[in-house]
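The values are calculated or read from the model by the stated rules, or taken from the named source; none is laboratory data. Here the structure is a predicted model, which means the values were calculated and not measured. So basically every Cβ, Gly included, is an ideal-geometry build from the backbone, and we count neighbours across all protein chains shown. Just so you know, the surface numbers come from the protein's heavy atoms only, side chains and all, with ligands and any DNA or RNA stripped out. Shrake-Rupley method; radii C 1.70, N 1.55, O 1.52, S 1.80 Å.
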Amino acid sequence: MPRRSLHWTGAILGVALYSLVFIYAHRSWLMGASALHGQPELLLFLLPGMMMALLHVDSPLKSTLLMAFWGTLAGSVMLNSALLAHTNWVILLVWNLSAVFWAGSGALLVRLLRIVWR
């Protein structure tokens, strides 16, 4: 299989995984306060970032940020009625930036582990 097709396959898988995590985390965010009084479901965004860093070795952070952008758009389109009706735009923007931060942290964690164990 050519490298270019693997690149696109990895990107599509990353956007799909990020969108699924986005929908799950947003649904649990709308359910209400948890016992921890925080949002530990945002840590799930480490998984798509780690996956993108493993699939795209040459530019893990750039591909993770692009995946997060397209995954956020895809997740927002799938949740448009629930997303727009119950949230403030500023809160949603801050929540999305936090999700992008955790996805980027997952990519950087994989990169750090690769550097350490070489």
Can you tell me how many residues in region 92-108 are at pLDDT 90 or above and open to solvent by 70 Å² or more (accessible area, probe 1.4 Å)?
4
Please list, ordered by first then second residue, the pairs with beta carbon atoms under 9 Å, 6 or more apart or interchain, first in region 46-65 and surrounded by 17 or more Cβ atoms within 10 Å (Cβ to Cβ), second outside any helix (DSSP H, G or I).
SER63/HIS56; THR64/HIS56
Mind listing whichever residues of region 66-78 are open to solvent by 20 Å² or more (accessible area, probe 1.4 Å) and over 12 Å from ASN96 (Cβ atoms)?
LEU66, TRP70, ALA74, VAL77, MET78
Could you list, ordered by first residue, the pairs with Cβ atoms under 8 Å in which the first is in region 19-35 and over 17 Å from GLY75 (Cβ atoms) and the second is at pLDDT 75 or above and in a helix (DSSP H, G or I), at least 6 apart or interchain?
SER34/PRO40
